[in-house]
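The values are calculated or read from the model by the stated rules, or taken from the named source; none is laboratory data. Computed from a predicted structure; not experimentally measured. Note that we place each Cβ from the backbone using ideal geometry, even for glycine, and neighbour counts take in every protein chain shown. Just so you know, the surface numbers come from the protein's heavy atoms only, side chains and all, with ligands and any DNA or RNA stripped out. Shrake-Rupley method; radii C 1.70, N 1.55, O 1.52, S 1.80 Å.
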Amino acid sequence: MFKKLILNPISKNIFQKKEIFSKLNFPIKTYHNQVKIINIENKRTSLELFVSVDKEEKLLCFDPHWLRFNCQSENSRQIGTGQRIIPIQNVPKILLIDSVKKKDDCIVIKWDVDSNQPDTIIPIEFLINNNPSELVNDDRYIPCKEIKFFEYFELVDSNGNRNETKIFEWLRHMMLYGLTIVKNLPTEKDMIKNLAELISPIQSTIYDQLFDVKVDQNPINIAYSSVGLEFHMDLMYYESAPGIQFLHCLKFDPEIIGGESIFADAFHIAELFRQKYPDLFSTLTKIPATFQKIHIDRKRPVYMVYQRPHIALNHRGKVKNF
């Protein structure tokens, strides 16, 4: 028997360590050990930084409007929340950089007189981690060679103390490859809930927060029967389908035949399909399919219909989700 639950979709921001810049509670990732600016070039309509990051040299390019709206100073961010307070209508269509200098661990940008903007201050670490030209995760399309296992009591000890380093490693692997297995999770009530809440709130669905996957004489879902299931994704009739699902194997008697859980890397398959059948791939990204859950004859009647293409692409043409 399995326990099953759904998590709200999560963003990569969950990996960001929180530090305080000035008096702003703004998340800044701090992954790099050695960061050095080799050269700063002001091109007036853009900014180029030639940097060395962990001994790897790279060129970073920034649009002036991106720089203005990502300013981290108290003139641009509300103290405490870190939310932007820049009046959009006051930022001109043409922004010209007058000068750029490095001050402590930040870049300070002065705008030309006609731009009429206060100085922009951005931490160097923020620029490196959020450089728009580098926000592409090609590793997402490299299939995992083997499933990675984690021990539950490596993530949290018997007193409930979190091991943040190990949780980060677990979540990072899950994000990159889509699947991990946590071993030796106790079978007491709601333990799967405790595990999931290490990383995210739980999303309630038409099946509640937690539900048992076991054979029922009058199933309200095919998963509650002994019929084998093909590869599928759950709850696609929701506008926002689950980002992460957890299955907790509570019991598996040796006499049982079958019942294996089989997973496929849909991202990798989609890329192979794109290469072999580009026209058909394009169709799957444009023509919507209908997903529905219509089940009136149940304790909580459900009528849900939603349409979306089978494959969704991001602005770079990469597979985003399904």
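Whole Å is fine, so just give me how far the alpha carbon centre of segment 38-108 lies from that of segment 246-310.
42
For segment 240-322, just the Cα set please: Rg and Dmax, both in angstrom.
Over segment 240-322's Cα set, Rg and Dmax evaluate to 17.7, 50 Å.
Return the single residue from S73, S158, S225 with maximal mean-square fluctuation; model: Gaussian network over the chain, springs between Cα atoms under 10 Å.
S158
For segment 149-241, which chymotrypsin sites (Phe, Trp or Tyr not before Pro) pass both filters: DSSP loop (anything but H, G, I, E, B) and at most 11 other C-beta atoms within 10 Å?
Of the chymotrypsin sites (Phe, Trp or Tyr not before Pro), the ones in loops of segment 149-241 whose Cβ has at most 11 other Cβ atoms within 10 Å are F231.
Between D98 and residues 5 or more places away or on another chain, which pairs have amide H atoms under 5 Å apart, with H built 1.01 Å from N, and which residues are they?
Counting only residues 5 or more places away or on other chains, the set is K110, W111, D112.
Go through segment 99-111 residue by residue and turn each phi into a ³J(HN,Hα) via Karplus (6.51, -1.76, 1.60, θ = phi - 60°); whole Hz please, and just put x for glycine and proline.
7, 9, 8, 8, 9, 6, 9, 10, 9, 10, 10, 9, 8
Not counting the cut sites, what is the longest span of the chain without GluC sites (Glu not before Pro) that DSSP labels loop and that have at most 12 other Cβ atoms within 10 Å?
1-145
On each of the three principal axes of the Cα atoms of the chain, give max minus min coordinate, whole Å, ordered largest first.
Taking max minus min along each principal axis of the Cα atoms, the chain gives 76, 52, 38 Å.
Computing the accessible area with a 1.4 Å probe over protein heavy atoms, can you report the carbon and sulfur percentage for the chain?
Its accessible area is 51 percent carbon and sulfur atoms.
Find the lysine pairs in segment 188-322 meeting two conditions, Cα atoms under 30 Å apart and a separation of 8 or more places or different chains, and report how many there are.
21
In debye, nearest 20: dipole of the chain around its Cα centre with unit charges on the Cβ of K, R (+) and D, E (-)?
Charge dipole of the chain: 660 debye, to the nearest 20.
With a Förster radius of 45 Å, plug the Cβ-Cβ distance of E48 and K145 into 1/(1 + (r/R0)^6) and report the FRET value to the nearest 0.05.
0.75
On alpha-carbon atoms, Rg over Rh for segment 57-100 using Kirkwood Rh?
1.03
Counting only heavy atoms of protein chains, what accessible area per residue, in Å², does the chain have with a probe of 1.4 Å?
Here the per-residue accessible area is 63 Å².
Using bins 10 angstrom wide from zero, how does P(r) for segment 141-287 break down, in % of all Cα pairs?
8, 31, 36, 20, 5, 0
Straight-line reach from K93: which aspartates and glutamates fall under 16 Å, measuring Cα to Cα and dropping same-chain residues less than 8 apart?
D63, D112, D114
Give the Rg/Rh ratio for segment 56-155, taking Rg as the radius of gyration of the Cα atoms and Rh as the Kirkwood radius, to two decimals.
1.14
Scan segment 68-172 for trypsin sites (Lys or Arg not before Pro) in coil per DSSP, keeping those whose Cβ has at most 16 other Cβ atoms within 10 Å, and list them by number.
Filter output for segment 68-172: K93, K145, K148.
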